[in-house]
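Before any comments, here is the structure.
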Amino acid sequence: MSDNRASASTTDDVVIVGAGLAGLFCALCLAPRPVTVLAAAPIGRGASSAWAQAGIAASVTEGDTVAAHVADTIAAGAGLVDRNIAQLMASEARDRVHDLLSYGVPFDTDLEGRLKAHKEAAHSFHRVVGVRGDTAGKAIMAALIEQVRQTPSIRLMEGVVAEELYRNGRAVTGVFGRPNEGSATRTLFLPTRAVVLATGGIGHLYETTTNPAEAQGSGLALAARAGAVIADAEFVQFHPTAIVSERDPSPLATEALRGEGAWLVDRDGHRFMPDCHELAELAPRDIVARAIHQQNTSGQGAYLDTRDAVGASFPERFPSVHAMCLDAGIDPVKEPIPVAPAAHYHMGGVLTDASARTSLDGLWAIGEAASTGAHGANRLASNSLLEAVVFAGRAARDIRDLLPYPQTYESGEADEQPGFVSEAPDVDAVKALRQIMSRHVGVVRNRDGLLDALSAIDRLTAENFNDRFRNMALAARIVTGSALLRTESRGGHYRSDCTETDPAQARRSYWTLASLDRTIRQTIDRDTKDRTTS
C-alpha cells in the first residue's frame, strides 16, 4: 500500500473510492483541499478510462453546436435521457476539454493549433476529440496521474479495496476497506464526512468484456447495501466490435474505424448492416451489437473489414488496435477482423443529481458508477469520458460549498465480521457468475433466463462467504432483477419475449435494494400463482 502524503493512520474528510478518470479529476479539482484516494490496483492499472480508445465528445468543430450534441445524445438514449442533464453536460464539454489540455493531455490538433475531431456512430458532426487515433484514454490517464503525483494535497492509498460503507442515520460517514493482498486479515476503517464513489462499471461481471478485472460493480453494491437509490441498472451497453481472441478482457476495435468507413461483413464478404438500419455501420451501438450477435449465433460470422477504408495506414492511424490485432494473429491491413459484442459500459448506477449527490447524505457518485440520466437507455459514443469529467468537477464544487473547512480524522483497524473472509474470491465462483450473466443477462434476454440467473446468483451467494464475491454477486443481482422488471425492449436492454418498446415504460427505473428484492419476490409469486391456476 502506497501513500504519497501522510500516514495512513489519519483520514481526510473527503475520501474518493476509485482512481480512474473521474476519481483523479475530482481530486485535482478539490486541490489544494486534502483528499484521500483509494485505488484497488496500482493507480491507472485498474481503470477502464485508460482503455478508452476514441476520445471525449465535445462540440469544438465549425458548425457543431451544444444543441446538436444534446439532440444526438437524446436520440441515442431511446427516450430516457434527462434533457436538463444532457444540456448541462454538453454545455460544459468545451471547458472540460481545455481543463484536460491544461493538465497536459496531448489532444490532436491541426497545423493551426485547433482541436481536431473525428466522427463516431450516431453523432451528426465530427465531435470526438482524440489522441493519435485510438490512444485517448491512455494519454488522458497518463497526464492526470502525473498531475496527481505532483499534487501534495492528494493522498494515494493504492492496493486498498473498499468493501462497505459506514452509515450513521441518513449520512455515510466512513469506509471499510482492506489491503488488496490476497488473504488480507486487517480491516481498515476510514472515518470521513464525504465519500465519492468513482469505482467504475460492471463489465467484469460478464464473461466477455472490454473492462479490466476491477470493474466488478463494487460501487453499485456498496451504495445499495448502504440504502442508496439505484437507477437504470438494466441498461448495459455491449460494444459491438470486440476483437475475437483468447484475451480477457477482450481487445477493442474502436468505433472510429467504422466512422472512417470500415464495413461489417459476414464470412462470405456480404455487408449486412444496411439490411438492419438506415445508418448501417453508424447505427446506434445496441442495434449494431444485436446484429453482430445474430450473425455469430447463426453461424454467418461477423468481421470488420477496414482494408478499403483504412488500408496500409492502419498501423500509423490506429496503433493500439493494430498491435492488439497482431497479438491475436490478425493482420487488419490484409484481412477482416473477427468481432463480437462485449460488455462495455453501464448506463445504470447510483442515482445522482446535477451535483453528483446520491440519495444519502455524505455520498457522491461520479463516472460509470453513477447514473446521472445523461445516457438514458443507450450511451452515445464518447460521452462517457465527458460525463466523468463534468460531474467530477461538479462534485468537487458541491463538496467545497457544503464543507468549506477541511478536517482530518483518526483512522484505524475495525472489528472483523465473523463468518466472512476477504481473500481473493474463489476463481470458479467468479467464472460461474460471469458465465451466468453472459448467458442470461447479455445482449439478448428473456424472462425464463433472467429467473434462472437470479436463482443461480442466489445459490452462488449462499455458497461463498467472501466479501468481495458477495459484492460482485449483489451487483449482478441488481442488474438481473432490474432487467426482469422492465418488460419491454429499449436501448441496451433487449428482451426476446418483449421485443417492442412500450411507451408506458418510457421512464427511468429507481430501486433501493429492499424495494427491488420485494418487487422481485412479488413478481415470482404472481408468476407461480398464474401458472398454477392456468
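Selection within region 273-303: residues that are among the hydrophobic types (A, V, I, L, M, F, W, C) and more than 24 Å from the chain's Cα centre (by Cα). The member of this set that is surrounded by the most Cβ atoms within 10 Å (Cβ to Cβ) is A302. Kindly evaluate A213 against the criterion of being touching a helix residue (DSSP H, G or I) at 6+ places or on another chain (Cβ under 6 Å), at pLDDT below 95 and of a type in the set (G, A, S). The answer is yes for A213.
Looking across region 335-372, the residues that are part of a strand (DSSP E or B), within 14 Å of T199 (Cβ to Cβ) and not aromatic (F, W, Y) come down to H346, G349, V350, L363, A365, A370, S371. Among the residues making up region 53-70, a single one is among the small types (G, A, S) and either outside the structural domain of V97 (by TED's automatic domain parsing) or part of a strand (DSSP E or B) (or both): A57. Entry remark, region 270-298: residues being under 28 Å from P315 (Cα atoms) and assigned to a loop (DSSP other than H, G, I, E, B) number 5 in total. The condition of being part of a helix (DSSP H, G or I), out of contact with any Pro (no Cβ under 8 Å at 6 or more places or on another chain) and buried (at least 19 other Cβ atoms within 10 Å of the Cβ) holds for only one of A224, A215, that being A224. Among the residues of region 361-380, those identified as aliphatic (A, V, I, L, M) and either in contact with a helix residue (DSSP H, G or I) (Cβ under 6 Å, 6 or more places away or on another chain) or at pLDDT below 95 (or both) are I366, A369, A374, L380. Regarding region 102-125, can at least one residue be identified that is farther than 18 Å from P319 by Cα and in a helix (DSSP H, G or I)? Yes.
Conditions (1) assigned to a strand (DSSP E or B); (2) over 16 Å from the mean Cα position of the chain (by Cα), marked per residue:
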{"site": "T241", "(1), (2)": "yes, yes"}
{"site": "R247", "(1), (2)": "no, yes"}
{"site": "S250", "(1), (2)": "no, no"}
{"site": "R258", "(1), (2)": "no, yes"}
{"site": "G261", "(1), (2)": "no, yes"}
{"site": "L264", "(1), (2)": "yes, yes"}
{"site": "D268", "(1), (2)": "no, yes"}
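For the criterion of being among the small types (G, A, S), under 30 Å from V195 (Cβ atoms), in a loop (DSSP other than H, G, I, E, B) and within 18 Å of the chain's Cα centre (by Cα), A233 passes. When restricted to residues that are surrounded by 18 or more Cβ atoms within 10 Å (Cβ to Cβ) and out of contact with any helix residue (DSSP H, G or I) (no Cβ under 6 Å at 6 or more places or on another chain), region 510-534 contains 1. Taken residue by residue, region 377-393 has no member that is within 18 Å of G219 (Cβ to Cβ) and part of a strand (DSSP E or B).
The values are calculated or read from the model by the stated rules, or taken from the named source; none is laboratory data. Here the structure is a predicted model, which means the values were calculated and not measured. In this analysis, Cβ positions are derived from the backbone assuming ideal geometry, glycine residues included, and neighbour counts consider all displayed protein chains.
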